Structure formats: C-alpha cells, structure tokens
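K.L.:
Pasting a structure below so you can have a look.
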C-alpha cells in the first residue's frame, strides 16, 4: 500500500505522451496551447483612438481656442494628416490617430458645428489623452501566450488578434475507458432485480469531454479469458486504459492478474485513502499506462479528479494552482488513511467554506449531486477542526 | 443612463425563450436539465454487498463460530438463499445480499478454506454491516435531480443509473453574434496598417460554446443601409442578437438608429459602469432581444459575463450562487460609476484574494490573459480597502 503522495509521485513520474495537433480557433477553447504565441505586430498596431471626438496637437492648445475641422476620419479609414495646429480632425473610436496629432478631445468636451470645434474653456489637454498608444499592450515578436496555457475565451480573443485562425494544442493520448462487472447493464437497458446500470464510464467520459479528451467506451464481463483477450486487444490500440472495477479482493477480480500477464508492471495496488483504496496503477515498457480504478462510483470519481486529471494537465505543462478550503465543522476520522471528505462549498465574504455532505458510503453517488468536490484530510491526523484549511479537489465550480 | 443594478433588472425582466430539447446523455454535460428526474427504482435497487467476503445472519454469530460455506455468489448472479444460520455464502462486492443474511464479514476478518469460514474470535458483527441497504440513497419515484440543474459529470452518473440514455435539457435561443466596424478584418486576413483583426466575436463564441450555446457569426460594415437590411434580416431569423461595436457617440455608430427604426425598443443606452458604458439593450414586441455591446474587447467580455450569461442561466432556472473575493490592495476610483476591476485570484488558506491587474484601458485585452474575472466595485464609493469583500464575476476558474 502506498500513500496518496507516493501514488501521485509514481503516476506523475511517467508523463502522458501528448503530441501537438492543429485545431481551428473555434474548437480551441478549454484546450491547452502547445506552442508559444507571439505578437505578429505591435498591439495596438497603431496609435488607436479610444474616444469619439476631435484629434488635435496638444501643444497648440490654449483655453478658448477654436479649431477648424480639417477632415473626418472613421475607424478603418486610411489615416489623415494634421497639417496645422489650429486645425483638428473629427475622429472615431478605433481609428488611427492622424499624423501630427497626439490627443483626442471627446465630443462632450466642447461645441462643434460643421466647420469648427471649440473646446470648453476649463478643460485640460494632456499628450496622448484618449489614445491607446501603439505597442503598449505588446511589442511585435513578444511572447504573449505561453505553452501550457489553458485557452479560455480571453485567450481566444488574444489568438484571434494575432491571426491564429488555427492553433497548436496538445492532443490527448488515445484512451479506452472500460467498465467491468457482470452486474452492469447498459444505460438504456431495463436491469433485472440483481443488476444495475453502468454509471462510471458515462460520468468519466463526461468529465474528460469537458477538457476535450475524447475516449472510447468498452464493457467486459468478469471472465478471465474474455478479459485477457479484450485487454490485450485494447493495449494494442490505445495508449491509456482507464478501467473501473475488478481490482478488489473478490474471486472474480481478475484484472491485476490479467494485467500482470500482459506485462503491465504494477507500480501500486492499494492507496492509503478512503474512498478508493483498491486503486491499481501500472505501465508497460512500451509506454502503455493503465489506471484501474475501484468500481464504486465515488471512488472512481475521486481517483479521476485527484490523480488522472492532474497527470494529463501536467503532461501538457499546465500549472494548476492548488486551492484550499476552510472546513466548516469538526470531522473525526480514525483510520490511518487520507480521507477524501465530500464537501459542499459556500463562499462567505471571500472565504471558501467547506461543509461536509454526509453520504452512505462510496457506493452512494446520488450524494455527489450536492457536492462540489473533496476535501483532502491527511492520514496522520484524526481530528480536523472547524476553521482549518485543507486542500480542496473540485469536480465542479462552486460559483 | 441606468445603474448596473437597473440594467440587470431590465434584462432579467424578459427571460430568454428556452424550450426543452432531447440530447443523448453523452452530449448532456454542462447543459441545464429541463425536467425533474426521478429514481426509476430504489437506489440501491437491492441490499448491495459492499465488501468481498461471506454473507451471514448476524443473529447466529458467536465468537469462535465456524460456518459451512453453502455457496458462492458473484456480482450479477441471481441471489442465493441462506438456508441455515450455521452456513454462510461467499459473496462479492456489488452482489445482492442473499435472503436470510443481514451482514457481510470481509475475507480479512477470518480464515477460509474450500468448505468453511472461521471468523477471528475477537470480531464484532452488527446487523447490516458492509451492506449498502436497498433504498437508502433514494426511493423509487423520488425526485433526485431538479429542473435547472447544471449537469456535471456527477449528475451524468446519476442520470445513467436511472436509465436516462437521453435527457431533456434547455435549448438556447437562436442567436446571431455580430461584429461591426470598418477597421475589422477576419482572423485569417493580413490587416493593413490601419486595420485590426476581429477578436470579440471569436471570444464570445468560445464563451458561449463552453455552455453549449451555439451561435452564428456575422460581420457588417458601418454603413447605414447595409446595417439596416442586414439587421432586419437577422431579426427575422434569430431570437437573440448580440452585436459588438457601433453603439458609441461616433458619427458611424448607426446601430441605435437602425434598431429603433426596426422597432426594437431601447430599454437602456449607457450603463453607469466602467468599462462598458455605451452598452445598449432593447427588445421588440415579437420577443426578439438585442444586446448591443461596446466594441472594446474588455467591455464586451465584461457585459457578456455580467449580464448575458446570468440572464440565460436564470431563464433556464439555474440558481447561480454569487461569490465574493477579498480585495488584496487598496483601490481608488473617483467617477460615480460601478468599476469592474480586472483581478487575478490567488487563494490563500481558503480565502479568495483578488489582486488588481493593471491594464491599458478597455482596449487592452492582452491583459485579460492574466485575469480570472472582474471585481464589482460599487458606484457610491471611491475608496476600496484591502481586505474588503466585493462581488467577483469570474470568466475562468481561478483553481
């Protein structure tokens, strides 16, 4: 049996094989950037007018001055030139600041007619007022997005602005998601009295889909030979196998034997944690990785968010900032195991407060609907006091 | 000019028309449930064995007792019957508890051979030990997921378990996303010196895609007649128009006039906020809704997350818990406007600390890459002290 930290280190020591792939920008959100992106020109690319009004030369301004309107320039027009400090150019937001001008006086700051503009006498004009100056946000050639950035809508705006109509993102390893267990029937089936429907593989598939990780689903019966040939077949086709069930101490929990026989080296079997203790992990010299998660839905859910998701993100060079939440009531837990407590987060005045949500054990996944994630309570403690902060493993956003 | 709260109330007073649509379960994640889901059977549907070991009748147990193994039952097998209290049945996790049994003694708690099982003498057996009892998580017919639930992977597990191979979720209104501005060229184009690439519509499209909201993109030039016929056409085809640009005080900001001419009633034009002041909103008697956002990328981003996203979620009966974050340094802001401060969140000991990220104004969207969201600083204050908590509008998860 290994500790949670050992399990994590063992898993992280073999990064996922993630290669770059090119996707169109409108499929890039939530994916991870596999290239450094640089500005193809200064940003803004020109002295950009930031208010509607009149472009002037600030040095020529004096209170009571009346400007002659020498022209009008819209956004998207070729820039005009300010020929004389007594003239101004009527100018729109987004336009290039005319040559010779260094400030924009907004409409509201003066009185205009067809040919003249008279600023109110009390105003003050400063150079570069209402001008978003060329290159202030980024210089041409400057790195503006790093490899390993998770692409949110804000990054989509940045990528669009530098012309990345397609983007290099990390591709996920070819992954098979396998459920085992004779008691399981498909979601659309009507189960007999002693059967239940599969729920682990649909839930994990959904969790992975939100990251853009596409997987193929399989279900195998608890039969040694069937399992052997099926898993052998998958190891030939996929880089990563995530299996649920068949790893405990039961007579038909063939998976560890099957995997060993198929030369997948066990790196651990059993983690000092509750739930999810029977978790099995191994890899094969050819690079194939197998996560064999306990079949209990809460355990499988936990193992994905605590181990597999951070593993794939780190393989893609993503920095995931850890987060803590403050326990909102006292908890006791005697066994020398890391206890992953199901919690609901309520934020109060900027504090993440974690309220334990009592369930009926690791088989009770109905309970998860009220839960935002797990609070990781260390193995070397039995008492966890209200107000203490512990690592929080979210599986949905609490706000 | 209306206040932020007035703008919000006006927008929320006309909910989006969202009709239920049926999607397969594997497309349901992140969508919003448009039906109440009930348990089709008790959950668990039977007294479910929660450990591998031996099923016994707890009443017949005494220290030193030796059981005769009367049979073996795997998960997915028809249940056996415990005929006599001196017998036990070897049983696997996930199996139905045999009739006559009321407890499971794990393998580790005794010594077994082919025909007998002898529990260690010091153990204590309690009724329903290691049994996940029928109906404890939910009763048949009980509502287990409410209308308006955002479907996370945990809900996918619940839906799968009750046989929802397809699910009723809310469909989004037919939506057109329009950029305006003669200075804008497509992402894949090489802009001239005075042009820039479109970035607002790709970014908003991405933001909406993460919710499952599919939109069609358009770009129109700043030409009154072109804009009139184009917008008229879109109002015929779409329920919601989200337009960026063309709503400020510029000579070519035709949009308010065009919309008025097309009988879209202005409900406000200009919100007492920074950024995003020129925000225009209206609707037409036939139910069409138009959000006309300022063209500045930071403004457009803010208006989407502060107004449009909450509007669509509330129309789908989603309860979005607000969240506050704690300002990490003093901020001064004089104008009588709500100031949406760009912040980076760092969590420390369970506290969401909001660090202002200085940008170069509402045109500086490069800055957004370091930002998690906006802190909403009320209009009636000028000084905002470190340690004070304010509403936080996230546009990406800070952890």
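The values are calculated or read from the model by the stated rules, or taken from the named source; none is laboratory data. What you see is a predicted model; the values in this text were computed from it and never measured. Reconstructed Cβ throughout: ideal geometry from the backbone, glycine too, with neighbour counts over all protein chains shown.
K.L.:
What's the number of the only condition in (1) within 22 Å of residue B:195 (Cβ to Cβ); (2) modelled with pLDDT of 95 or more; (3) within 10 Å of another protein chain (Cβ to nearest Cβ) that residue A:51 fails to meet?
P.N.:
Here residue A:51 clears every test but (2).
K.L.:
Same structure again: What number of residues within the range A:18-28 satisfy the criterion of being part of a loop (DSSP other than H, G, I, E, B) and either surrounded by 14 or more Cβ atoms within 10 Å (Cβ to Cβ) or under 16 Å from the mean Cα position of the chain (by Cα) (or both)?
P.N.:
2
K.L.:
So which residues in the range A:361-389 are surrounded by fewer than 22 Cβ atoms within 10 Å (Cβ to Cβ), within 10 Å of chain B (Cβ to nearest Cβ) and either outside any strand (DSSP E or B) or within 22 Å of the chain's Cα centre (by Cα) (or both)?
P.N.:
Correct list: A:361, A:364, A:367, A:369, A:370, A:387, A:388.
K.L.:
Ok, one more. For residues that are surrounded by fewer than 18 Cβ atoms within 10 Å (Cβ to Cβ) and more than 9 Å from chain A (Cβ to nearest Cβ), tally how many sit in the range B:343-354.
P.N.:
Our first condition is that a residue be surrounded by fewer than 18 Cβ atoms within 10 Å (Cβ to Cβ); within the range B:343-354, this holds for B:344, B:346, B:348-349.
The next check asks that each one be more than 9 Å from chain A (Cβ to nearest Cβ); those that pass are B:344.
Total satisfying the criteria: 1.
K.L.:
Looking at the range A:154-190, which of its residues are more than 24 Å from residue B:210 (Cβ to Cβ), within 7 Å of chain B (Cβ to nearest Cβ) and in contact with a strand residue (DSSP E or B) (Cβ under 7 Å, 6 or more places away or on another chain)? Please lay out each step first, then the result.
P.N.:
Looking only at the range A:154-190, we keep the residues that are more than 24 Å from residue B:210 (Cβ to Cβ), and these are A:174, A:176, A:178-190.
Applying the additional criterion that residues be within 7 Å of chain B (Cβ to nearest Cβ) yields A:181-183, A:187-188.
Across the range A:154-190, the qualifying residues are A:183, A:187.
K.L.:
Next up: Out of the residues in the range A:185-220 meeting the condition of being assigned to a strand (DSSP E or B) and free of Cβ contacts under 8 Å to residues at least 40 places away in the same chain, tell me which one is nearest to the chain's Cα centre (by Cα). Walk me through it before giving the result.
P.N.:
We begin by selecting, within the range A:185-220, every residue assigned to a strand (DSSP E or B); these are A:185, A:196-197, A:216-220.
From the residues that got through so far, the ones that are free of Cβ contacts under 8 Å to residues at least 40 places away in the same chain too are A:185, A:196-197.
Numbers: A:185: 33, A:196: 33, A:197: 30 Å.
The extreme case among them is A:197.
K.L.:
Any chance the range A:199-206 includes a residue that's under 30 Å from residue B:81 (Cα atoms) and either facing chain B (nearest Cβ under 8 Å) or crowded, with 24+ Cβ neighbours inside 10 Å (or both)?
P.N.:
Yes; the residues of the range A:199-206 include at least one that is under 30 Å from residue B:81 (Cα atoms) and either facing chain B (nearest Cβ under 8 Å) or crowded, with 24+ Cβ neighbours inside 10 Å (or both).
K.L.:
Residue B:144 - would you say it is surrounded by fewer than 24 Cβ atoms within 10 Å (Cβ to Cβ), at the interface with another protein chain (Cβ under 8 Å from one of its Cβ atoms), more than 16 Å from residue B:295 (Cβ to Cβ) and touching a helix residue (DSSP H, G or I) at 6+ places or on another chain (Cβ under 8 Å)? Even if it seems obvious, please write down each step before you answer.
P.N.:
Details: surrounded by fewer than 24 Cβ atoms within 10 Å (Cβ to Cβ): yes; at the interface with another protein chain (Cβ under 8 Å from one of its Cβ atoms): yes; more than 16 Å from residue B:295 (Cβ to Cβ): yes; touching a helix residue (DSSP H, G or I) at 6+ places or on another chain (Cβ under 8 Å): yes.
Considered against the rule, which asks whether it is surrounded by fewer than 24 Cβ atoms within 10 Å (Cβ to Cβ), at the interface with another protein chain (Cβ under 8 Å from one of its Cβ atoms), more than 16 Å from residue B:295 (Cβ to Cβ) and touching a helix residue (DSSP H, G or I) at 6+ places or on another chain (Cβ under 8 Å), residue B:144 comes out as yes.
K.L.:
Is it true that residue B:68 is more than 30 Å from residue B:249 (Cα to Cα), touching a strand residue (DSSP E or B) at 6+ places or on another chain (Cβ under 8 Å), surrounded by fewer than 18 Cβ atoms within 10 Å (Cβ to Cβ) and not assigned by TED's automatic domain parsing to the domain that holds residue B:268? Write out each step before concluding.
P.N.:
On the way: more than 30 Å from residue B:249 (Cα to Cα): yes; touching a strand residue (DSSP E or B) at 6+ places or on another chain (Cβ under 8 Å): yes; surrounded by fewer than 18 Cβ atoms within 10 Å (Cβ to Cβ): yes; not assigned by TED's automatic domain parsing to the domain that holds residue B:268: yes.
When the stated conditions are applied, residue B:68 passes them.
K.L.:
Being at the interface with chain B (Cβ under 8 Å from one of its Cβ atoms) and more than 30 Å from residue B:167 (Cα to Cα): is that true of residue A:86 here? First the steps, then the outcome.
P.N.:
On the way: at the interface with chain B (Cβ under 8 Å from one of its Cβ atoms): no; more than 30 Å from residue B:167 (Cα to Cα): yes.
Criteria not met by residue A:86.
K.L.:
Can you report the number of residues in the range A:228-266 which are more than 14 Å from chain B (Cβ to nearest Cβ) and on the phi < 0 side of the Ramachandran plot? Working first, answer last.
P.N.:
Within the range A:228-266, the subset more than 14 Å from chain B (Cβ to nearest Cβ) is A:228-241, A:243, A:257-266.
Those left that are additionally on the phi < 0 side of the Ramachandran plot: A:228-241, A:243, A:257-262, A:264-266.
Here the count works out to 24.
K.L.:
Can you tell me which residues in the range B:127-145 are under 15 Å from residue A:363 (Cβ atoms) and more than 26 Å from the chain's Cα centre (by Cα)?
P.N.:
B:128, B:129, B:130, B:131, B:132, B:133, B:134, B:135, B:136
K.L.:
When you check residue B:256 against the structure, is it part of a helix (DSSP H, G or I) and buried (at least 22 other Cβ atoms within 10 Å of the Cβ), yes or no? Give the derivation first.
P.N.:
Numbers: part of a helix (DSSP H, G or I): yes; buried (at least 22 other Cβ atoms within 10 Å of the Cβ): no.
Against the criterion (part of a helix (DSSP H, G or I) and buried (at least 22 other Cβ atoms within 10 Å of the Cβ)), residue B:256 does not qualify.
K.L.:
Also: If you go through the range A:309-327 one residue at a time, how many are at the interface with another protein chain (Cβ under 10 Å from one of its Cβ atoms) and either more than 30 Å from residue A:171 (Cα to Cα) or crowded, with 18+ Cβ neighbours inside 10 Å (or both)? Before the answer, list the steps.
P.N.:
We begin by selecting, within the range A:309-327, every residue at the interface with another protein chain (Cβ under 10 Å from one of its Cβ atoms); these are A:320-327.
Now drop any that are not either more than 30 Å from residue A:171 (Cα to Cα) or crowded, with 18+ Cβ neighbours inside 10 Å (or both), which leaves A:323-327.
Number of matching residues: 5.
K.L.:
Of the residues that sit in the range A:29-40 and are in a loop (DSSP other than H, G, I, E, B) and closer than 20 Å to residue A:175 by Cα, which one is nearest to the other protein chains (Cβ to nearest Cβ)? Explain how you work it out, then say what you get.
P.N.:
Within the range A:29-40, the first condition is being in a loop (DSSP other than H, G, I, E, B), and the residues that meet it are A:29-31, A:34-36, A:39-40.
When the remaining residues are screened for being closer than 20 Å to residue A:175 by Cα, the result is A:30-31, A:34.
On the way: A:30: 6, A:31: 11, A:34: 16 Å.
In this case the residue turns out to be A:30.
K.L.:
Same structure, new question: Which is away from every other protein chain (no Cβ under 14 Å), under 30 Å from residue A:131 (Cα atoms), crowded, with 17+ Cβ neighbours inside 10 Å and touching a helix residue (DSSP H, G or I) at 6+ places or on another chain (Cβ under 6 Å), of A:57, A:102? It would help to see each step written out before you state the result.
P.N.:
On the way: A:57 fails: touching a helix residue (DSSP H, G or I) at 6+ places or on another chain (Cβ under 6 Å).
After applying the criteria, what remains is A:102.
K.L.:
Give me the residue from the range B:110-122 that is in contact with a strand residue (DSSP E or B) (Cβ under 9 Å, 6 or more places away or on another chain) and touching a residue at least 24 places away in the same chain (Cβ under 8 Å) and, out of that set, surrounded by the most Cβ atoms within 10 Å (Cβ to Cβ). Walk me through it before giving the result.
P.N.:
Going through the range B:110-122, the residues in contact with a strand residue (DSSP E or B) (Cβ under 9 Å, 6 or more places away or on another chain) turn out to be B:110-120.
In the following step, the residues that additionally are touching a residue at least 24 places away in the same chain (Cβ under 8 Å) were identified as B:110, B:112, B:114-119.
Numbers: B:110: 20, B:112: 17, B:114: 5, B:115: 9, B:116: 14, B:117: 23, B:118: 13, B:119: 25.
Only one residue fits best here, namely B:119.
K.L.:
Which of (1) farther than 24 Å from residue A:325 by Cα; (2) under 26 Å from the mean Cα position of the chain (by Cα) does residue B:358 not meet, given it meets every other one?
P.N.:
Single failed check for residue B:358: (2).
K.L.:
Now, a different point. Looking at the range B:210-221, is at least one residue surrounded by fewer than 23 Cβ atoms within 10 Å (Cβ to Cβ), within 11 Å of chain A (Cβ to nearest Cβ) and touching a strand residue (DSSP E or B) at 6+ places or on another chain (Cβ under 7 Å)?
P.N.:
Yes, the range B:210-221 contains at least one residue that is surrounded by fewer than 23 Cβ atoms within 10 Å (Cβ to Cβ), within 11 Å of chain A (Cβ to nearest Cβ) and touching a strand residue (DSSP E or B) at 6+ places or on another chain (Cβ under 7 Å).
K.L.:
Report whether or not residue A:288 is modelled with pLDDT of 95 or more, over 24 Å from the mean Cα position of the chain (by Cα), buried (at least 19 other Cβ atoms within 10 Å of the Cβ) and under 15 Å from residue A:174 (Cβ atoms). Let's see the steps before the verdict.
P.N.:
Working: modelled with pLDDT of 95 or more: yes; over 24 Å from the mean Cα position of the chain (by Cα): yes; buried (at least 19 other Cβ atoms within 10 Å of the Cβ): yes; under 15 Å from residue A:174 (Cβ atoms): yes.
So residue A:288 passes the test.
K.L.:
Looking only at residues in the range A:331-342 that are touching a strand residue (DSSP E or B) at 6+ places or on another chain (Cβ under 7 Å) and either within 12 Å of chain B (Cβ to nearest Cβ) or without any contact (Cβ under 8 Å) to a residue 60 or more places away in the chain (or both), which one is surrounded by the fewest Cβ atoms within 10 Å (Cβ to Cβ)?
P.N.:
A:332
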